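The block underneath contains the structure these notes are about, expressed in structure tokens.
The values are calculated or read from the model by the stated rules, or taken from the named source; none is laboratory data. Keep in mind the model is a prediction, meaning the values are calculated, not measured. With ideal geometry, Cβ positions are generated from the backbone for all residues, glycine too; neighbour counts draw on all protein chains shown.
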Amino acid sequence: MSTATSTVQRPTAPAESPGVGEHLRNYFSRIRGGDLGALPAILGLVVLCTVFSIVRPNFFTAGNFANLFIQGGAVTLIAMGLIFVLLLGEIDLSAGFASGVCAAILAVVSTEMGLPWYVAVLAAVATGTLIGTVLGFLVAKVGIPSFVVTLAAFLAFQGTVLLLIEGGKNVSLRDDVLIAIVNRNVPPVVGWAIFGVGVAGFALIQLLRYRTRSAKGLVTDPIVVVLARIGVLVAIAGAAVYILNQERSINPLITSLRGVPIVVPVIVVLLIFWTFVLRRTAYGRHIYAVGGNREAARRAGINVDRIRISAFMICSSMAAVGGIVAASRANSVDANTGGSNVLLFAVGAAVIGGTSLFGGKGRVLDAVLGGAVVAVIENGMGLLNVSSGVKFVFTGLVLLLAASVDALSRRRAAAGS
């Protein structure tokens with residue numbers, strides 16, 4: 001007579017989430033291991049704002065605070081697109097002049113052809129997408145290094161801008177909607193409404209994530225940390241809206257300047273959208289996988305060439321959006337649109353914010369943080385009447401410092417593993 005042996009499957013105990021103390025210890029442990037994240041950019045912002053506010057008391061006025069968003073808008077948007085390329089360990093040296101080409105298309109379609117603003121915007125973004133498709137195809141399918149492809153495009157797009165605007169003349173924008181993107185503000189009530197909806201949405205996402213992970217027995221951040229994260233956003237965003245809703249006009253009886261610049265909600269919406277794409281979709285996971293180890297991603301069944309092409313498409317499309325914002329700020333397009341220091345500042349914003357030049361590490365938020373650092377440097381030195389040469393030298397040193405921190409962090413992380 002045989003005896004059957006049965007195995008009883010016991011339920012797996014749910015993972016125990018760390019307390020606040022352990023969470024902080026884990027965070028500092030990651031920092032010591034080389035995972036600095038956005039910490040250098042945040043510390044840099046604090047130091048720069050403190051120094052400039054001491055040297056120039058008018059740095060923290062409501063008018064100058066609004067100028068920071070206006071000055072950094074185009075660079076931040078271009079840097080958002082560069083994040084996708086940098087995550088793959090590639091580079092796009094043509095992003096600056098690609099934004100100039102798209103801005104020229106915008107001006108030609110809107111001003112010279114007289115078509116509606118939305119047609120001009122669609123034409124500019126479609127041009128950016130086409131540019132990215134060609135660049136991505138040459139890199140992924142033909143096998144030309146991205147440095148060479150985009151350097152050639154950098155040179156070619158300068159000539160393209162001249163051809164589009166017929167020898168370098170200045171083409172003014174006349175459409176009120178296009179001009180309003182940077183030069184107009186939303187009413188104060190609308191600014192507070194956007195603040196309420198944004199904070200409520202962020203809080204809902206954070207709390208639902210905490211509840212879902214806790215219900216499934218997964219490790220999650222302590223509820224105190226989640227609430228603190230929400231509180232920090234409320235404090236920072238609330239203070240920003242309050243300051244921007246103050247009267248900034250020298251003569252308010254003639255012209256009132258109150259409210260959040262329209263470009264700010266544009267940046268916030270795109271930040272939320274691209275963050276969702278990178279963090280909550282299979283496509284975003286594939287971006288990180290290809291950037292981390294291209295061959296491993298290929299063996300896992302990921303279409304590496306398609307991911308690389310799409311990253312360049314997103315990069316140039318966001319360059320187009322940045323070009324639209326730059327054209328709106330200047331109320332015109334000329335041969336210098338997208339040139340000069342635009343590429344330097346955009347790449348600098350992405351790297352300063354914490355995105356690695358070696359691929360596989362970065363967030364769209366890095367572009368916003370880095371863009372803020374670049375805008376503060378440019379704005380603060382402008383208030384100090386510093387020459388352009390000193391601005392370039394100082395910004396270059398900050399970029400070099402950020403790249404050095406990235407390299408040293410990766411070396412420390414590799415040594416620790």
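Points to keep in mind about this one:
- Condition met for residue 288 (hydroxyl-bearing (Ser, Thr, Tyr), crowded, with 17+ Cβ neighbours inside 10 Å, farther than 30 Å from residue 187 by Cα and in contact (Cβ under 8 Å) with a residue 12 or more places away in the chain): yes
- Any chance residue 409 is surrounded by 15 or more Cβ atoms within 10 Å (Cβ to Cβ), modelled with pLDDT of 85 or more and assigned to a helix (DSSP H, G or I): no
- Qualifying residue in the range 163-172 (condition: outside any helix (DSSP H, G or I), within 13 Å of residue 100 (Cβ to Cβ) and out of contact with any Ser or Thr (no Cβ under 7 Å at 6 or more places or on another chain)): yes
- Cβ separations smaller than 9 Å between residues 6+ apart or across chains give the following pairs from the range 71-100 residues that are closer than 18 Å to residue 374 by Cα to residues that are of a type in the set (Ser, Thr, Tyr) and outside any helix (DSSP H, G or I): 79/355; 82/355; 83/355; 96/340.
- With respect to the conditions (1) part of a helix (DSSP H, G or I); (2) modelled with pLDDT under 90; (3) not assigned by TED's automatic domain parsing to the domain that holds residue 326, residue 200 falls short on a single one, namely (2).
- Residue match in the range 130-146 (condition: within 25 Å of residue 184 (Cβ to Cβ) and surrounded by fewer than 16 Cβ atoms within 10 Å (Cβ to Cβ)): no
- The range 346-359 residues that are touching a residue at least 12 places away in the same chain (Cβ under 8 Å), paired with ones that are among the basic types (Lys, Arg) (beta carbon under 9 Å, 6 or more apart): 353/363; 354/361; 354/363; 355/361; 355/363; 356/410; 358/410; 359/294
- Residue within the range 301-315 that is without any contact (Cβ under 8 Å) to a residue 40 or more places away in the chain and over 19 Å from residue 146 (Cα atoms) present: yes
- Any hit, the range 306-325, residues being at pLDDT 85 or above, within 21 Å of residue 37 (Cα to Cα), crowded, with 23+ Cβ neighbours inside 10 Å and within 21 Å of the chain's Cα centre (by Cα): no
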